[in-house]
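Asks: Have a look at this one before I ask anything.
The values are calculated or read from the model by the stated rules, or taken from the named source; none is laboratory data. The shown structure was predicted, so the numbers you read here are calculated from the model rather than taken from an experiment. Here Cβ is always computed from backbone atoms with ideal geometry, including for glycine, and neighbour counts include all displayed protein chains.
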Amino acid sequence: MEFTRYLQLLDADCDRLRAAAVRDLAAPVPSCPGWTASDLLFHVGEVFLHKVEAMRLNGWPDPWPPEPDPDEPAGYFDRGLRELRAEFAARKPEDASFTWYAPDRTVGFWIRRMALETVVHRVDAELAAGVPITPIPDDLALDGIDEVLVAFLAYVAATWPDELGEALTAADGRAVAIEAGGRRWTVRMAPSGIDISDDAEAHAVVSGPAQETLLWLWGRGDDAALKVSGDEEAVRRLRVLLKAATQ
C-alpha cells in the first residue's frame, strides 16, 4: 500500500474512533474486557505519543508513561493524534527510525503500524457505542492480516520466544492456513519457531472475508464469522499464540 493511503485511512479511522467513543465515555468495550470508551481514548492517545517519542529519541522513551495528562479523554486523544500527524508530516516514510521490528527501521513502519493499530481500535469504539462497524477496506484488512502473522507472530517467535511460552514449546509442526481475499498464509507452528508461507499443505483452514479474518486474528471475532475446517487443536494453538504475541 502507498503511504499516502495509510495516512488517509488513519485520519478517517481516528475521526470514527473519536466520534464513537465520545457517545458514552463510560460504555464498556466488549472486545477489551475491563475497558471503557474513556480508557480506549486514553490508550490510543498514549500509543500515538509513545511512537512520536520513539521517532524523536530514536529509541524507547524512558521513563514511560508520562505523568497523567490533565486533559479529558478526547482531549488527550486529540493531543496524541495532533503530535503524530506533525511528526509524520516532518519526516519521509523512508527516513530511519527506531522500531521494535528489525527488518524495517523506518518511519514508514510506524505509519503502517499506526494505521493498523487504529483501525482495530476504531472497531472497538464502534462496538462500545453499539453502532454498526464501518467496513474495513479490503486492502487495509489484507495488509493487516499479513502484518499480524509476519511482523507479530513469526517475528516474536523468532526474537522473543519466551513471550509465547508453552504454546510455542509444545507446538508440533502442525499448520493452519489463513485464506482471505484470494490470498493464503500457511502458519506452521513448531518449538523452533513459526514459519509463514503460501504452502498449500495445512492441517486446518480458516477462511472468510478480509475484515472478519483480520478481526478474528486480533481476537475481535469468533469462529462463527468464518469457515473453520480441519484440526481444531491446531486452530486453538494458533489463537493462543496470537494472543500472546499481540498483548
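Asks: Return only the number of the condition from (1) in contact (Cβ under 8 Å) with a residue 60 or more places away in the chain; (2) in a helix (DSSP H, G or I); (3) more than 22 Å from residue 8 (Cα to Cα); (4) not aromatic (Phe, Trp, Tyr) that residue 114 does not satisfy.
Replies: Of the numbered conditions (1) in contact (Cβ under 8 Å) with a residue 60 or more places away in the chain; (2) in a helix (DSSP H, G or I); (3) more than 22 Å from residue 8 (Cα to Cα); (4) not aromatic (Phe, Trp, Tyr), the odd one out for residue 114 is (3).
Asks: Could you say which residue among 228, 176, 205 is part of a strand (DSSP E or B), more than 18 Å from the chain's Cα centre (by Cα) and under 26 Å from residue 134 (Cβ atoms)?
Replies: Details: 176 fails: under 26 Å from residue 134 (Cβ atoms); 205 fails: under 26 Å from residue 134 (Cβ atoms).
Going through 228, 176, 205 in turn, just one is part of a strand (DSSP E or B), more than 18 Å from the chain's Cα centre (by Cα) and under 26 Å from residue 134 (Cβ atoms): 228.
Asks: Of all residues in segment 74-86, which are crowded, with 20+ Cβ neighbours inside 10 Å and not hydroxyl-bearing (Ser, Thr, Tyr)? Even if it seems obvious, please write down each step before you answer.
Replies: First, the residues of segment 74-86 that are crowded, with 20+ Cβ neighbours inside 10 Å: 76-77, 80-81, 84.
Answer for segment 74-86, where residues must be crowded, with 20+ Cβ neighbours inside 10 Å and not hydroxyl-bearing (Ser, Thr, Tyr): 77, 80, 81, 84.
Asks: While we're on this one: Go through segment 54-73 and report how many residues are crowded, with 16+ Cβ neighbours inside 10 Å and within 30 Å of residue 27 (Cα to Cα). Steps first, please.
Replies: Restricting attention to segment 54-73, the residues satisfying the condition of being crowded, with 16+ Cβ neighbours inside 10 Å are 54-55, 69, 73.
Still in the running and within 30 Å of residue 27 (Cα to Cα): 69, 73.
Looking only at that region, the number is 2.
Asks: Sticking with this one: What helices (runs of 4 or more DSSP H) lie completely within segment 1-105 and have 2 or more residues being free of Cβ contacts under 8 Å to residues at least 40 places away in the same chain and touching a helix residue (DSSP H, G or I) at 6+ places or on another chain (Cβ under 7 Å)? Explain how you work it out, then say what you get.
Replies: On the way: elements: 3-21, 37-57, 73-89.
Where helices (runs of 4 or more DSSP H) fall fully within segment 1-105 and carry at least 2 residues being free of Cβ contacts under 8 Å to residues at least 40 places away in the same chain and touching a helix residue (DSSP H, G or I) at 6+ places or on another chain (Cβ under 7 Å), they are 37-57, 73-89.
Asks: Quick one: in segment 154-173, which of the residues that are in contact with a Pro (Cβ under 7 Å, 6 or more places away or on another chain) and assigned to a helix (DSSP H, G or I) is surrounded by the fewest Cβ atoms within 10 Å (Cβ to Cβ)? Explain how you work it out, then say what you get.
Replies: Taking segment 154-173 and keeping what is in contact with a Pro (Cβ under 7 Å, 6 or more places away or on another chain), we get 168-169, 171.
In the following step, the residues that additionally are assigned to a helix (DSSP H, G or I) were identified as 168-169.
Working: 168: 23, 169: 12.
Residue satisfying both the conditions and the ranking: 169.
Asks: To continue, here is another question. Residue 150 versus (1) β-branched (Val, Ile, Thr); (2) without any contact (Cβ under 8 Å) to a residue 40 or more places away in the chain; (3) farther than 21 Å from residue 233 by Cα: which is the lone unmet condition?
Replies: With respect to (1) β-branched (Val, Ile, Thr); (2) without any contact (Cβ under 8 Å) to a residue 40 or more places away in the chain; (3) farther than 21 Å from residue 233 by Cα, residue 150 is out only on (2).
Asks: I would also like to ask the following. Considering segment 128-143 alone, what residues qualify as being assigned to a helix (DSSP H, G or I) and closer than 19 Å to residue 32 by Cα?
Replies: Looking only at segment 128-143, we keep the residues that are assigned to a helix (DSSP H, G or I), and these are 128-129, 138-143.
Passing the criteria: 128, 129.
Asks: While we're on this one: Might you let me know whether segment 40-52 holds any residue that is under 26 Å from residue 108 (Cβ atoms) and among the charged types (D, E, K, R)?
Replies: There is at least one residue in segment 40-52 that is under 26 Å from residue 108 (Cβ atoms) and among the charged types (D, E, K, R).
Asks: Now, a different point. Looking at 181, 219, 193, 165, which one is touching a helix residue (DSSP H, G or I) at 6+ places or on another chain (Cβ under 9 Å), among the small types (Gly, Ala, Ser) and within 30 Å of residue 27 (Cβ to Cβ)?
Replies: Values: 181 fails: within 30 Å of residue 27 (Cβ to Cβ); 193 fails: within 30 Å of residue 27 (Cβ to Cβ); 165 fails: within 30 Å of residue 27 (Cβ to Cβ).
One residue alone meets the criteria, 219.
Asks: Against the conditions (1) buried (at least 19 other Cβ atoms within 10 Å of the Cβ); (2) touching a strand residue (DSSP E or B) at 6+ places or on another chain (Cβ under 7 Å); (3) over 25 Å from residue 103 (Cβ atoms), where does residue 227 fall short? Just the number, please.
Replies: (1)
Asks: Select from segment 88-97 the residues that are crowded, with 16+ Cβ neighbours inside 10 Å and either closer than 27 Å to residue 156 by Cα or among the aromatic types (Phe, Trp, Tyr) (or both) and list them in ascending order. Spell out how you get there, then give the answer.
Replies: Taking segment 88-97 first, the residues crowded, with 16+ Cβ neighbours inside 10 Å are 88, 91, 93, 97.
If the condition is that a residue be crowded, with 16+ Cβ neighbours inside 10 Å and either closer than 27 Å to residue 156 by Cα or among the aromatic types (Phe, Trp, Tyr) (or both), then 88, 93, 97 are the ones that fit.
Asks: Can you tell me which residue is modelled with the lowest pLDDT among those in segment 215-224 that are over 13 Å from residue 179 (Cβ atoms) and crowded, with 17+ Cβ neighbours inside 10 Å? Talk me through it step by step, then tell me what you get.
Replies: First pass over segment 215-224, keeping only residues over 13 Å from residue 179 (Cβ atoms): 215, 218-224.
Keeping just the survivors that are crowded, with 17+ Cβ neighbours inside 10 Å gives 215, 218, 220-221.
Details: 215: 97, 218: 97, 220: 92, 221: 82.
My answer is 221.
Asks: Given 200, 234, 245, which one is outside any helix (DSSP H, G or I) and either surrounded by fewer than 15 Cβ atoms within 10 Å (Cβ to Cβ) or not charged (D, E, K, R) (or both)?
Replies: Matching residue, one of 200, 234, 245: 200.
Asks: From the list 125, 151, pick out the single residue that is part of a helix (DSSP H, G or I), of a type outside the set (S, T, N, Q), touching a Pro at 6+ places or on another chain (Cβ under 9 Å) and more than 16 Å from residue 190 (Cβ to Cβ). Spell out how you get there, then give the answer.
Replies: Working: 125 fails: touching a Pro at 6+ places or on another chain (Cβ under 9 Å).
Going through 125, 151 in turn, just one is part of a helix (DSSP H, G or I), of a type outside the set (S, T, N, Q), touching a Pro at 6+ places or on another chain (Cβ under 9 Å) and more than 16 Å from residue 190 (Cβ to Cβ): 151.
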